Ligand code: HEM
């Protein structure tokens, strides 16, 4: 209820009182409300760059380079403990501020900013990743967690093992690791979301990958002026400078194709009795037949698309594994240590299984360090405040965009000494077991409060089995030049502008560690 509705309802209540009592009560209420309103207006806004008339802080939004570093730098420059920056975009640069606002006050901070380009013009606003904190968001999130319950982590284990063995075959002959990982992961997620596998999944790939690229571009804050000046959405496509309208139309077509073709195939498979379990098929089976079927199907369609799009652009899109492979190339000692641990528990020719997890703490530590060292979503996903709030004496206006600077949280010296070193041992105690006193970076890496990633368990399990299996099967070595000399170990990171962090294409060799594994997976690898 806003101030005017509260005053109106108090006024209606007062119609039942004596006129003089009603007048006193009414005046007191108005007085108190005015006082509260004045007080909150008198509070300072969070520190940040000076705002320009009309444009506000539009020109301060980092548009190139690693935006998480830029935001962190701006927060340090404005030098204040809660680390908010500006008032239309508030950057939370510490774990404390994120926990205080996005978690403890999550009822106020669980919405999403509406993006005209991405949400409206490209049509992605139907997915719950982007929905405001409303009934449709709740309904889709419920469908997701019923179909993929966090308590039932084993549901996708067999799909994850099969997909990982496929990946091992792909890596044996890959000459473009990042591209192959991206495609392989898109196929796997299609299986989880729709139960579409193998060659059939590959036939959907082109659309899915193009759509994921458009998401990465349009999802970057400040990428399109229309997000800041929404009236521009009415500009016709032919108008000079309105190229964004053409892009939006083409990108929207990709979304429609991606949504409809996949969902139709799952339904056909179910009708023929050949569907394998997936988010879409389980949710369709769980429908309440006494309620509106069409409406429920539309919700399931949007939920499956959310899962697909939420993950295809995430680390799981192969970027997490890409970051891992690059980290192994750059840190051969870590690789050797991990292989020592694997060789202790695996017989020759065996590949890891989930049942070995408690025997492989160093592998679990590598997964944590990959997600910390180069988080894939270094500025998280933006949240939106739905009510005016006060934090540490600052006013946080309703409608502020809240950006958690995950990078700063996961690179702070206090929790992670020497944060720019890739060092999985930081998570282990003196006995080589996971040390519970070291902060688990998978919390911040997967988001906060009510919007935290619902695919976290699927993603973590997939990363774990991927890391364990790749290291069991291969040594990751530098490329050799035409004269047979080892090339320099090197890798670079995409410098944006983007909210997604990933390595640029890099070269390495996957050297097979075991003839027995090759035979069991039926591929011929490269040996030194
Ligand atoms: C390593 C892999 C992944 C990482 C690091 C990751 C990270 C994230 C992050 C940071 C968010 C935003 C949370 C927030 O707003 O605070 C998110 C949201 C989401 N993720 Fe993931 N994700 C991963 C994999 C997946 C997978 C495999 C799926 C689906 C099976 C998935 C589905 C989603 C969905 C649907 C949302 C939107 C939640 C909402 O807005 O309520 N993610 N993820």
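The values are calculated or read from the model by the stated rules, or taken from the named source; none is laboratory data. Remember, predicted model here, so these are calculated numbers, not experimental data. Reconstructed Cβ throughout: ideal geometry from the backbone, glycine too, with neighbour counts over all protein chains shown.
Among the residues of the range 233-249, the ones that are surrounded by 12 or more Cβ atoms within 10 Å (Cβ to Cβ) and in a helix (DSSP H, G or I) come to 6 in all.
Residue 461 passes every criterion in (1) buried (at least 22 other Cβ atoms within 10 Å of the Cβ); (2) near the ligand (Cβ under 10 Å from one of its atoms) apart from (1).
The single condition from (1) within 16 Å of the ligand (Cβ to nearest atom); (2) at pLDDT below 90 that residue 484 fails is (1). Look at the range 134-155 and say how many of its residues are more than 9 Å from the ligand (Cβ to nearest atom) and either assigned to a loop (DSSP other than H, G, I, E, B) or modelled with pLDDT under 90 (or both). Qualifying residue count, the range 134-155: 8. Only residues that are over 30 Å from the mean Cα position of the chain (by Cα) and either in a helix (DSSP H, G or I) or closer than 11 Å to residue 471 by Cα (or both) were counted across the range 338-348, and they come to 5. Among the conditions (1) part of a loop (DSSP other than H, G, I, E, B); (2) within 12 Å of the ligand (Cβ to nearest atom); (3) under 30 Å from residue 46 (Cα atoms), the only one that residue 107 does not satisfy is (2). Of 370, 376, all but one fail to be within 16 Å of the ligand (Cβ to nearest atom), modelled with pLDDT under 90 and either under 22 Å from residue 164 (Cβ atoms) or not in a loop (DSSP other than H, G, I, E, B) (or both); the exception is 376. List pairs: first in the range 383-394 and over 22 Å from residue 132 (Cα atoms), second outside any strand (DSSP E or B) and modelled with pLDDT of 95 or more, Cβ under 7 Å, 6+ apart or cross-chain? Going by the 7 Å Cβ cut-off, the qualifying pairs are 391/100; 391/101. Residues of the range 425-458 being in a helix (DSSP H, G or I), within 20 Å of residue 407 (Cα to Cα) and within 16 Å of the ligand (Cβ to nearest atom), which ones? 442, 443, 444, 445, 449, 451, 456 - these are the residues of the range 425-458 that are in a helix (DSSP H, G or I), within 20 Å of residue 407 (Cα to Cα) and within 16 Å of the ligand (Cβ to nearest atom).
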